[in-house]
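J.: Have a look at this one.
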Amino acid sequence: MKVIWASAAEQDRADIIEFISLDNPIAAIMIDELFAEVALRLEQHPLLGRPGRISGTRELIPHANYRLIYEVQDNQIRILALVHTARLWPLPKHL
C-alpha cells in the first residue's frame, strides 16, 4: 500500500520538528525519522493502529507524545493528522 501525507499532516509534522529543533535539533531529527519509519510500517501493516475516534479512521501512537491519525482506502493509507497526545482530539464540534 502507498502512504500519502495530507497537507495538514505534513504541516503538523513540520511544526512538530520545528518546535523540537528549537531546543534539541538532534531530537527533532530522531522524531522525524520515527514518523517516517512508522509510515513505512503502515505500508505493510495498514491496520496496525486502533480504530480511531472519528469513524473510518485509525490511530497509532508512534511516540508517547504523538498520535498519528490515518485512514485506509483503495490500496492507500492517507495520514490525516499528527497530534500531540495532550491536545484534545478530535475537537468538539461546538468549538
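Readers should treat all values here as calculations from the given coordinates under stated rules, not as data from a laboratory. Since the model is a prediction, treat every value here as computed from it, not as a measurement. Every residue, glycine among them, receives a Cβ derived from its backbone with ideal geometry; neighbour counts consider all protein chains shown.
J.: Kindly provide the set of residues from region 56-72 that are closer than 21 Å to Arg87 by Cα, hydrophobic (A, V, I, L, M, F, W, C) and surrounded by 12 or more Cβ atoms within 10 Å (Cβ to Cβ), ordered by number.
T.: Result: Leu60, Ile61, Leu68, Ile69.
J.: Oh, and also: Checking the conditions here, which among Leu47, Leu68 is within 10 Å of the chain's Cα centre (by Cα) and not β-branched (Val, Ile, Thr)? Steps first, please.
T.: Details: Leu47 fails: within 10 Å of the chain's Cα centre (by Cα).
Among Leu47, Leu68, only Leu68 is within 10 Å of the chain's Cα centre (by Cα) and not β-branched (Val, Ile, Thr).
J.: List every residue pair whose Cβ atoms lie under 7 Å apart, where the two residues are 6 or more positions apart in sequence or sit on different chains, the first residue falls within region 1-27 and is touching a residue at least 12 places away in the same chain (Cβ under 8 Å) and over 13 Å from Tyr70 (Cα atoms), and the second residue, located anywhere, is surrounded by 14 or more Cβ atoms within 10 Å (Cβ to Cβ) and acidic (Asp, Glu).
T.: Short answer, once both residue conditions are applied: Ile17/Asp32.
J.: Of all residues in region 18-55, how many are loosely packed, with under 14 Cβ neighbours inside 10 Å, over 17 Å from Met1 (Cα atoms) and not polar (S, T, N, Q)?
T.: Number satisfying all stated conditions: 14.
J.: Now, a different point. How about the chain: which strands (runs of 3 or more DSSP E) wholly inside it have at least 3 residues that are out of contact with any helix residue (DSSP H, G or I) (no Cβ under 8 Å at 6 or more places or on another chain)?
T.: Working: elements: 2-5, 58-63, 66-73, 76-84.
Passing ranges, in order: 58-63, 66-73.
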